[in-house]
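Only one structure is covered here, and it is reproduced in the block below.
Every number here is computed from the coordinates shown, using simple stated rules; none is lab data. Bear in mind that the values here come from a model prediction, so they are computed numbers and not experimental data. Ideal geometry is used to build each Cβ from the backbone, glycine not excepted, and the neighbour counts take in all protein chains shown.
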Amino acid sequence: QVQLVESGGGLVQPGGSLRLSCEAFGSMFSIYAMGWYRQAPGKQRELVATITNGGDRKYLGSVKGRFTISRDNLKNTVHLQMDSLRPEDTAVYFCNADVRPAIYWGRGTQVTVSS
């Protein structure tokens, strides 16, 4: 069993920055990929950014150039640096870990971008 613990959400003004972190705990051989998804009210959950254990990154188009995902493989931790935040980035952000063959999710952390 793997547990994902997220931190770093909150309220920020448009144009501001936040850094999300997620640490994986538990019994795991290796994590193939970790990432962040988000879900806004009334919308489907969408992929924001992922990073494999080899360092390959994938981003949602609307966050490219504003968000940066990074990972510490030794600490099983993933970070999401979010800059130039916009009101449309408001959502609950969920950490995700691909520990093949299983997929794990964190409980989510609220990010609100508002003046």
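Each residue of the stretch 99-105 in order: what ³J(HN,Hα) in whole Hz does its phi give by Karplus 6.51 cos²θ - 1.76 cosθ + 1.60, θ = phi - 60°, with x for Gly and Pro?
Karplus-based 3J(HN,Hα) across the stretch 99-105 equals 10, 3, x, 9, 10, 10, 10 Hz.
Please tell me the relative contact order of the stretch 60-109 in percent, rounded to the nearest whole number, where contacts are Cα pairs under 8 Å and at least six residues apart. Don't skip to the answer; put the middle values down first.
Working: 43 pairs, mean separation 11.6, N = 50.
Once normalised by length, the contact order is 23 percent.
Only residues of the stretch 13-34 count here: report those whose backbone N is under 17 Å from the spot 7 Å along Cα→Cβ of D72, or say none.
In the stretch 13-34, the label zone of D72 (backbone N under 17 Å from the point 7 Å along Cα→Cβ) covers 19-26, 31, 34.
State the extension gain, in nm to one decimal, for the chain segment bounded by K58 and D98, taking 0.36 nm per residue of separation less the distance between their alpha-carbons. Can you show the working numbers first?
Details: separation 40, 0.36 × 40 = 14.40 nm, distance 1.42 nm.
Result for the pair: 13.0 nm of gain on full extension.
Taking loop as defined by DSSP and a crowding limit of 12 other beta carbons within 10 Å, which chymotrypsin sites (Phe, Trp or Tyr not before Pro) in the stretch 48-109 fit?
When the chymotrypsin sites (Phe, Trp or Tyr not before Pro) of the stretch 48-109 are filtered for loop state and at most 12 Cβ neighbours within 10 Å, nothing remains.
Between the stretch 85-115 and the stretch 12-76, what is the C-alpha centre distance in whole Å?
Comparing the Cα centres of the stretch 85-115 and the stretch 12-76, I get a distance of 8 Å.
What is the dipole size for the chain, taken about its Cα centre, with +1 at each Lys and Arg Cβ and -1 at each Asp and Glu Cβ, in debye to the nearest 20? Could you put the intermediate results ahead of the total?
Values: 13 positive and 9 negative charges, 29 e Å.
For the chain, the charge dipole is close to 140 debye.
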